[in-house]
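Written below as structure tokens is the structure these notes are about.
The values are calculated or read from the model by the stated rules, or taken from the named source; none is laboratory data. Keep in mind that what you see is a predicted model, and the values were worked out from it rather than measured. Cβ atoms come from the backbone with ideal geometry, glycine included; neighbour counts cover every protein chain shown. Protein only, heavy atoms only, side chains kept; ligands, DNA and RNA dropped before computing areas. Shrake-Rupley method; radii C 1.70, N 1.55, O 1.52, S 1.80 Å.
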Amino acid sequence: MYEHDVIVVGAGGAGLRAAIAAHEEGADVAIVSKLHPVRSHTGAAEGGINAALREGDSWEDHAYDTMKGSDYLADAPAAETLCKDSPKETIKLEHWGMAFSRDDDGRVSQRPFGGLSFPRTTYAGAETGHQLLHTMYEQLVKRGIKVYDEWHVTRLAVSDEEKPEDRTCHGIVAYDVQTGQVEGFRARNGVILATGGLGQVYDHTTNAVANTGDGVAMAYRAGAPMEDMEFIQFHPTTLPSTGVLITEGVRGEGGILYNENGERFMFEYGYANNLGELASRDVVSRAELTEVNEGRGIEDEYVHLDMRHLGEERIIDRLENIVHLSEDFEGVNPLDAPMPVKPGQHYAMGGIETDENGETCISGLYAAGECACASVHGGNRLGGNALPELIVFGKRAGHHAAGKDMEEAKITTGKEGEYELGEVDSPVELGEAGIGEDAVADGGTAADAGASVSGADLVQRAVEDERETIDTLLEREDGIQQAEIRERVQKSMTRNVNVFREESALKDALRDIREARELYQQVFVGDKSRTFNTDLLQTLEMRNILDIAEAITLGALARNEFRGAHWRKEYQERRDEEWLKHTMLSWNDGRPELWYKPVILEGENKTYEPKTRSY
Amino acid sequence: MSTQVPETVEEESATEAASAGKQKRDAKKRERAERVQEQREAEAAEKARSADDTYHLKVFRYDPEVPEKQEPRFDDFHVPYKQGMTILDALMWARDHYDSSLTFRHSCRQAICGSDALFVNGSQRLGCKTQLSDLSEPIRVEPLPHSDVVKDLVVDMEHFYDQMESVEPYFQTNSLPDGELDEQRQTRENREKVKMSTRCIWCSACMSSCNIAAGDNEYLGPAAINKAYRFAMDEREGEDMKQRRLEILEQEHGVWRCQTQFSCTEVCPKDIPLTEHIQELKREAIKNNLKFW
Ligand SMILES: Cc1cc2nc3c(=O)[nH]c(=O)nc-3n(C[C@H](O)[C@H](O)[C@H](O)COP(=O)(O)OP(=O)(O)OC[C@H]3O[C@@H](n4cnc5c(N)ncnc54)[C@H](O)[C@@H]3O)c2cc1C
Ligand code: SF4
Ligand code: FES
């Protein structure tokens, strides 16, 4: 068994920042990550980091834009923390040497982004995430922070008190990808989950293949609630064949969207009369799909994004990477022709419920980055607001876990505060498919631990459980392979739980997920090797995809209104009287339990009054 | 059910019925699983047969643990072609439809994570960035040369990482501005100068293509030298640091080992002018030494 003060799971922007922060506080910190840090998906971020750095801008304006963009589903204390801390954290990256794009006076450049009232998106060409990830990894090397790379974390070791709020996280169990060993990692102070996105629930996504929502699902099964899972952001400009992202920076710099008739539809059809292409992502995604659905799409599938008029010099200066992406992955040179684009899954606004300090309701368990929901994005994330989230909340979680005194959080977690139970009309049974003999495929149940069991023993028990699960999976000689199940779920989610949502389709998705769960009871791993067994790892990930797909769909079915990225055919209005609340799902004895907690709209000096969003 | 049946019997028969029910359900589940699997295999074969175009891949296979795979071999895969398909897409298709044990690293699918550098038809390329249609058949896919193979297409990256970390790959300066909101100014020209060097995704293609690195295990190699260039040329680090960086680069297994063969520059998927950077550092090193004479 390995032992450290703080264990960070994941080495993207959030995980690296958390580790550096914990190290600053003097903790013995280690990172455990299924990919080598520089392979993390943060590297793919293109557009930039929002930070109110300049004269004429202020964190208050940034907070206002964020609350409005969220369609009033973000919690004000979290959004304000994000906007207040972001300038400092962004400049910290600059001090660490990050190669930002520069203005003539040598200061870092900023550009306009969708939904922002000031051009406050700081960037490094169209490769901001790559620069950020590498800069932060360099700092990790400088500090000699220990990284266990290519270790796949499979479960959390959490004590099993009845109420999640009474539980403690003592560590994790991980699988060494190179050797097939299953080992325990005990965390004396805390575990920080920073496992990133969950785009692999869909088949058309900008996310990496590794983004299977592991952290969210593991925390959920250990008792930490998932929050606002129905809010999935679809990015309006992804390449149709692969889902590769074309940054919003293209529209920020003046790129124009056209339909098949060559009409600038954002204006022509009144989708956003003021901001046009720069309206928020949900608005633009719906506009594009409406064009396609009404027969004005190209090849019934996509629209055109044109940046040729910007001129080669400006394109190469600010968007060079886009030229390569479009050429390599779609075969279109955007200096000569418009790029084909369509909406694709991009970002999960929801995730593991945390407060502004990154802490969950389970003591010693933290989450930061895309896997977490401190609730800064609410119903819709503004472009350029995720990277600051990584550095701001990554740092806070790192400090807190390492024992630094933090201000008491204003956001409550777990069922401690005010909450209301919910109900959803599901056509099928939800949750685990078979508890008992078949439980292997369900991920098993947590080791039962009385109060007398020490943290180390608890981790050891979890390790033994996991060894058994994995042995059983490897021993099975036949059954069905995960690739088949994955494909079914991904296709169903894209068909039924996409940009446009309606009740019957959501119910179809729940049926498909149920069927997939049952098939998963028969899952079998073809590869019997202990060395670099990606078949086994994908099979373990599949379990997470199932829980997450179910949570997204359940939330979407429950929320009878139209807010942010969540559009419902039957409910075409935002209904503030009833729905200014977060959708919460708790894993209760193997079944999802639905409940709600109110949104906090009171900020430090003001209350954010819900207004109609118009662009 | 008759009320006359004694309770105990009823209980028993209930459990029996339940377990019979479970067996039936299990059998049904198994049947369904088998059906789905068969259907899938048939579909895969059908797709490959009926596609107008299939591509023929010969893929290197090796697993130290599995007896049948201990002897390295090439497996043939015929993959149905779709417009825009890359080597990585083809490998994923083969894995998902033919052989789930086919092993390779991959993640981003967009040439930014650096995990899928492979040896394709005799040269180093990123699988995700290489269109099948640009290659001649049969397409040979092998792990990167000059590295230990862990399994199939996966190589051990430790040595590469060690070399990267040996050049102090992090920003160091003695003159940070005082204020936490004050930037270190950098001219646009200077950023432009280091820009290409910052693009490295640590894929190791360059290292694998380099003859010198193959023969001299201690040679820093193109990627690590490029990393040092990235900082040595950054005006924000200052002159003192530049001296120190040049000292690291001038060591016995540093820049002077490079024989200007350009193979690294040719294979780099991020178009980094590696050889040029190495040459420039050699010139800087000479200038630096002249100062001491
Ligand atoms: C294409 C693209 C472009 C984007 N552009 C922007 C932008 O311009 N601006 C912006 O603000 N946001 C952008 N975003 C969003 C933002 O980049 C992501 O939300 C953010 O990078 C996520 O960072 P993270 O640290 O949470 O996770 P990631 O960077 O995804 O890292 C996750 C880490 O967790 C590890 N991990 C996962 N599961 C396990 C496990 N089971 N065991 C061990 N380790 C595990 C992985 O190895 C990885 O190291 C973009 C996103 C995408 C996909
Ligand atoms: S320099 Fe180029 S080839 Fe070498 S590791 Fe970096 S990206 Fe790969
Ligand atoms: S999969 Fe990331 S570089 Fe190819």
message: I need the fraction of alpha carbon pairs in the stretch B:174-271 separated by more than 16 Å, rounded to a whole percent.
response: 61
Overall form of the protein assembly as shown per C-alpha gyration tensor (a/c, 1.5; a/b vs b/c): rounded
- prompt: If you take the accessible area of A alone, add that of B alone, and subtract the area of the pair, what total do you get in Å², probe 1.4 Å, to the nearest 100?
  reply: 6400
Projected-area mean, chain B, by convex hull of Cα positions, square nanometres: 28.0
- prompt: Does anyone have the angle between helix A:482-496 and the longest principal axis of chain A? Alpha-carbon axes, 0 to 90°, nearest 10?
  reply: 40
message: So, for the stretch A:158-286, what is the accessible surface per residue at a probe of 1.4 Å, expressed in square angstrom?
response: 25
- request: Starting from the Cα of B:I212, step 7 Å along the direction of its Cβ; do the same at A:D405; then give the gap between the two resulting points in nm.
  value: 5.6
- prompt: Cα extents of the stretch A:233-345 along the three principal axes, largest first, in whole Å?
  reply: 33, 29, 27
statement: If the label point sits 7 Å along Cα→Cβ of A:N588, residues of the stretch A:415-431 with amide N under 14 Å come out as A:415-416, A:419-424, A:430-431
query: If you count, for each residue, the other Cβ atoms within 10 Å and average over each peptide, how do A:399-409, A:227-237, A:152-162, A:569-579 line up from highest to lowest?
result: A:227-237, A:152-162, A:399-409, A:569-579
query: List the cysteines of the protein assembly as shown that have no other Cys Cβ closer than 4.7 Å: which are they?
result: A:C83, A:C169, A:C361, A:C371, A:C373, B:C128, B:C200, B:C203, B:C210, B:C258, B:C268
- prompt: Given charges of +1 on the Cβ of Lys and Arg and -1 on the Cβ of Asp and Glu, with all other atoms neutral, how large is the dipole of chain B about its Cα centre, in debye to the nearest 20?
  reply: 920
As computed over the stretch B:154-194, the Cα convex hull volume per residue (Å³): 148
- request: Find the Cα radius of gyration of the stretch B:39-151, compare it with 2.2 N^0.38 Å by division, and give the number to two decimals.
  value: 1.05
statement: If unit charges are put on Cβ atoms (+1 for Lys and Arg, -1 for Asp and Glu) and the dipole of the stretch A:1-64 is taken about its Cα centre, the option from A:Y64, A:G26, A:I49 lying farthest towards the positive end turns out to be A:I49
message: Modelling each spin label as a point 7 Å along the Cα-to-Cβ direction, I'd like the A:S58/A:E604 distance in nm, to one decimal.
response: 1.1
- line: Reduced to Cα centres, the span from the stretch A:37-84 to the stretch A:309-387 in Å works out to 12
message: Residues of the stretch B:147-177 with the amide nitrogen closer than 18 Å to a label point 7 Å from the Cα of B:H253, along Cα-to-Cβ, please.
response: B:147-148, B:156-169
- prompt: Percent of accessible area on the protein assembly as shown owned by carbon and sulfur, 1.4 Å probe?
  reply: 44
query: So what are the ³J(HN,Hα) numbers for the stretch A:117-134, from phi and the Karplus equation (6.51, -1.76, 1.60; θ = phi - 60°), rounded to whole Hz, Gly and Pro as x?
result: 8, 8, x, 10, 8, 7, 8, 10, x, 10, 9, 4, x, 4, 5, 5, 4, 5
message: Between helix A:59-69 and chain A, what is the angle of the helix's C-alpha long axis to the longest principal axis, kept within 0 to 90° and rounded to the nearest 10?
response: 80
message: About the Cα centre, and with charges only on the beta carbon of Lys, Arg (+1) and Asp, Glu (-1), how big is the dipole of the protein assembly as shown? Nearest 20 debye, please.
response: 1920
message: With just the Cα atoms defining each centre, how far is the stretch A:464-542 from the stretch A:6-26? Give it in Å.
response: 31
- request: May I ask you to derive the FRET efficiency for A:E313 and A:R495 from their Cβ-Cβ distance with R0 = 60 Å, giving the value to the nearest 0.05?
  value: 0.90
query: So which lysines can A:K415 reach, going by Cα to Cα under 30 Å and dropping same-chain residues fewer than 8 places off?
result: A:K68, A:K84, A:K163, A:K395, A:K404, A:K507, A:K581, A:K597, A:K606, A:K611
- prompt: Mean projection of the alpha-carbon convex hull of the stretch A:214-286 over all orientations, in nm²?
  reply: 6.9
- line: Between the Cα axis of helix A:455-475 and the main Cα principal axis of chain A, the angle (0 to 90°, nearest 10) is 80
Linear extension gain, B:A42 paired with B:V66, 0.36 nm per residue minus alpha-carbon span: 6.0 nm
message: Give the separation of the Cα centroids, the stretch B:220-239 to the stretch B:137-170, in Å.
response: 22
